[in-house]
Amino acid sequence: MSRGLTQEELAERTDLSRSFISQLESNKTSPSIDTLETILRALGTDLKHFFSDFEDEKVVFKKEERVPVYDLPDGVKMCYLMVGVEDKSIDPMLVELEPGARTEEEDYHEGSEFGYVIEGRIELYLDENKYKLRKGDAFYYTADKKHYIKNPDKKKKAIVLWIEIED
């Protein structure tokens with residue numbers, strides 16, 4: 001709760017079940033050290049800092065600290081680029097789409113979203129509208145529309161920097 005995550009969001013970031021997270025919260029089970037480390041990493045901390053009273057401001061976010069998102073459609077990879085910033089108003093992700101792959105359609109929600117096409121090309125779908133973007137293009141929209149992205153290419157993958165912004 002202090003990081004602003006739901007049980008489902010934490011479960012996605014750790015590849016644990018939501019019910020297991022719920023049992024942890026209600027003290028019905030205890031995690032193994034490995035599981036605790038996985039949870040702490042997803043929350044942007046580690047065992048040392050978890051049990052410490054001193055908290056440093058995190059400035060650099062290393063590639064090896066990225067947290068993958070699980071249970072995605074075939075051909076889609078996502079990872080959170082920054083961990084431990086749930087108190088911030090942004091959530092940056094790196095999205096890789098294999099040829100023909102697409103993200104799941106997201107329903108309306110609060111906030112806005114920004115994206116930058118690093119490699120390849122994508123199609124951005126907002127409700128009934130389709131926008132074509134290629135390497136170097138960016139997009140921004142309020143998330144009050146159903147939305148997803150698709151890689152229309154048949155041979156090359158697409159890579160997108162995607163940032164969810166809370167209002």
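Every read-out reported here was derived from the displayed coordinates using simple, explicitly stated rules and does not represent laboratory data. A quick note: this is a predicted structure, and the numbers were derived from the prediction, not measured. Reconstructed Cβ throughout: ideal geometry from the backbone, glycine too, with neighbour counts over all protein chains shown.
Rounded to whole numbers, the Karplus 3J(HN,Hα) couplings from phi for region 42-51 are 5, 8, x, 9, 9, 4, 4, 6, 4, 9 Hz, using 6.51 cos²θ - 1.76 cosθ + 1.60 with θ = phi - 60°, and x at Gly and Pro. The phi-based Karplus calculation (6.51 cos²θ - 1.76 cosθ + 1.60; θ = phi - 60°) puts the 3J(HN,Hα) values of region 103-114 at 6, 5, 6, 9, 6, 4, 7, 6, x, 9, 9, 10 Hz, whole numbers, x for Gly and Pro. Using only side-chain charges placed at the Cβ, +1 for Lys and Arg and -1 for Asp and Glu, the dipole size of the chain relative to its Cα centre rounds to 960 debye.
Proximity of backbone amide H atoms, modeled 1.01 Å from N, is registered between LYS135 and GLY120 at under 5 Å, excluding neighbours fewer than 5 places apart on the same chain.
The lysines whose alpha-carbon is closer than 23 Å to the alpha-carbon of LYS48, local same-chain residues fewer than 8 away aside, are LYS58, LYS62, LYS63, LYS88. Of the listed values [x] 40, 33, 27; [y] 48, 32, 32; [z] 46, 41, 30, grab the one calculated as Cα extents along the principal axes in Å from the structure here. Of the listed options [x] 40, 33, 27; [y] 48, 32, 32; [z] 46, 41, 30, [y] comes from this structure. Per-residue Karplus couplings for region 157-167, computed as 6.51 cos²θ - 1.76 cosθ + 1.60 with θ equal to phi - 60°, are listed in order as 7, 10, 10, 10, 8, 10, 10, 8, 10, 7, 8 Hz, Gly and Pro entered as x.
Label-to-label distance for SER32 and LYS157 is 2.9 nm, based on points extended 7 Å past Cα in the beta-carbon direction.
Between MET93 and LEU81, TRP162, ILE163, GLU164, the built amide H atoms are under 5 Å apart, and every one of these is 5 or more places off in sequence or on another chain.
What you get for region 7-50, charging only the Cβ of Lys and Arg (+1) and of Asp and Glu (-1), is a dipole of about 120 debye around the Cα centre.
A simple spin-label model places pseudo-atoms 7 Å from Cα toward Cβ; at TYR148 and ASP107 they are separated by 1.5 nm.
With contributions of -39500 (n - 2.57) from each DSSP H run of at least four residues, the per-residue ellipticity at 222 nm computed over the chain stands at -4500 deg cm²/dmol.
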